[in-house]
Amino acid sequence: MFITAMASFAWANVNPTNYIGGVSFRPERDIPNLSGKVVLVTGGNTGLGKESIRQILARNPAHVFLAARSEQNAKAAIEDLKSSSSNANTDAKLTWLPLDLSSTKSVQDAAGSFKAQSSRLDILILNAGVMSLPPGETDLGHEIQLGTNHTGHFLLTKLLLPTLLRTAEEEEAGSSDVRVVSLSSIGHNLAPSFETILDQKKLKRCNTHARYGASKVANILFAAELARRYPSIMAVSVHPGLIATDLYAPLGKRNPVAALGSRVLGAVGTPVEAGARNQLWAAVGAKRAELVNGAYYVPVGNCKVHNRYVRSEEMGKELWEWTEKELRKGNANPSTAPGPDHKEGFLERTFQPHHAHHEQQQQQEQKPVFERRESQEEMEIPAQPKPQHHRRRSSTLQRLKEYMGNQDELDEAGKTYAKLM
């Protein structure tokens, strides 16, 4: 199973047909001035999150919040980011925001701390994540990967939603550009059935790769549903590519075959600097008109219009309501209840639908049925810009062949990936 999963990951990143329709994007060239913008990046102390902050800081934002668990690692990252030559003259504030996504109390405290320091939020990059962990649970009893990658981010976004919506409303008419970018992965293809994802007992019995896939499915569904409920916010999910980051470290420690997979990653993986491009493009590089609200993108800027999780309003709605219900249950548990700084009914008020969602529902109900169908079709199959072909990856493909052994094994990996898509 592991070899098949790694082959699927690798093939997805060297298969040229998966990149047709992508765009040319270079952060240093294409990110505009971000003067006045407030940005929050989870998992900003390392890897893709840190690189995203590095590029954003160079464009003069008003304030960047680096959300991370470890104070030591966060402060070390901040010192490094501030000392970077490209950021030496920036006036932007860079602030550590303590955040442990597996703890509802920590998420609530982080949201409260953010709102005490900023009255606006323009860009929220839900970058943090865990992968291929041994069995474990969050404080809600959720499987550790789903609970960290999805539930924690869901709660954080809900708590920051009033600030996001207020920022969107404060923008001049027609120029609102508030964005939420959720990091998913092509690993969503490894997920079990949707019913299993919502059944924590069944999900915990799945292997670690399936559990990781479940969390990545949830990231796609969440972004699509957020876009449907709050269209003034541009919400998308992205796959960064096969990136050589610390996320894969747990694999090699537990399994000798996994260690070989890490060697493959070193041979064909994209460096962090390039790996952050897709999320940077979606968050600050692309013009708003170039994005499809709720869509899922692979590197760089390639909209996968036929992704079944983006298209399924039923699954998006069910996951949203299930997550809210689970968080309410956690609020009733003394071990996970909000701290003394939070007033009674804190989570209940958080999960009351915002007036913007009510207004959208009323507008949809007032539309004739045939108009609603047309608008849904337009969202599902948007007109895409003329494809710009990427440079051929012949050298990368050759290195992959060497690790896979022969052309037959590589072809078999491609067939496996095609079935998963």
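The values are calculated or read from the model by the stated rules, or taken from the named source; none is laboratory data. Just so it is clear, the structure is predicted and the values come from calculations on it, not from any experiment. Cβ atoms come from the backbone with ideal geometry, glycine included; neighbour counts cover every protein chain shown.
Report every pair of residues separated by at least 6 positions or lying on different chains whose Cβ atoms are under 9 Å apart, first residue within region 116-132 and under 24 Å from ARG288 (Cα atoms) and among the hydroxyl-bearing types (Ser, Thr, Tyr), second in a loop (DSSP other than H, G, I, E, B) and modelled with pLDDT of 95 or more.
From region 116-132, the pairs are SER118/ALA62.
Looking at SER312, is it out of contact with any strand residue (DSSP E or B) (no Cβ under 9 Å at 6 or more places or on another chain), of a type in the set (S, T, N, Q), at pLDDT below 95 and surrounded by 14 or more Cβ atoms within 10 Å (Cβ to Cβ)?
No, not satisfied.
Under the condition of being outside any helix (DSSP H, G or I) and at pLDDT 95 or above, which residue from region 268-290 is nearest to LEU57 (Cα to Cα)?
Applying the filter and picking the extreme gives ALA276.
Residues LYS82, LYS158, LYS93, LYS105: which one is of a type in the set (Lys, Arg) and within 23 Å of VAL236 (Cβ to Cβ)?
LYS158
Hey, among LEU251, LEU260, LEU203, LEU265, which residue is hydrophobic (A, V, I, L, M, F, W, C) and either modelled with pLDDT of 95 or more or not in a helix (DSSP H, G or I) (or both)?
Step by step, each of LEU251, LEU260, LEU203, LEU265 is checked, and only LEU203 is hydrophobic (A, V, I, L, M, F, W, C) and either modelled with pLDDT of 95 or more or not in a helix (DSSP H, G or I) (or both).
Find the residue count for region 126-163, including only residues that are within 24 Å of VAL180 (Cα to Cα) and touching a His at 6+ places or on another chain (Cβ under 8 Å).
5
Evaluate region 167-175: report whether one residue or more is free of Cβ contacts under 8 Å to residues at least 60 places away in the same chain and under 22 Å from LEU48 (Cα atoms).
Looking through region 167-175, none of the residues is free of Cβ contacts under 8 Å to residues at least 60 places away in the same chain and under 22 Å from LEU48 (Cα atoms).
Please find, among ASP91, ASP80, ASP100, ASP122, the residue that is among the acidic types (Asp, Glu) and in contact with a strand residue (DSSP E or B) (Cβ under 7 Å, 6 or more places away or on another chain).
Going through ASP91, ASP80, ASP100, ASP122 in turn, just one is among the acidic types (Asp, Glu) and in contact with a strand residue (DSSP E or B) (Cβ under 7 Å, 6 or more places away or on another chain): ASP122.
Just checking, which of GLU137, GLU170 is of a type in the set (Asp, Glu), within 16 Å of ILE197 (Cα to Cα) and surrounded by fewer than 20 Cβ atoms within 10 Å (Cβ to Cβ)?
Result: GLU137 is the single residue among GLU137, GLU170 that is of a type in the set (Asp, Glu), within 16 Å of ILE197 (Cα to Cα) and surrounded by fewer than 20 Cβ atoms within 10 Å (Cβ to Cβ).
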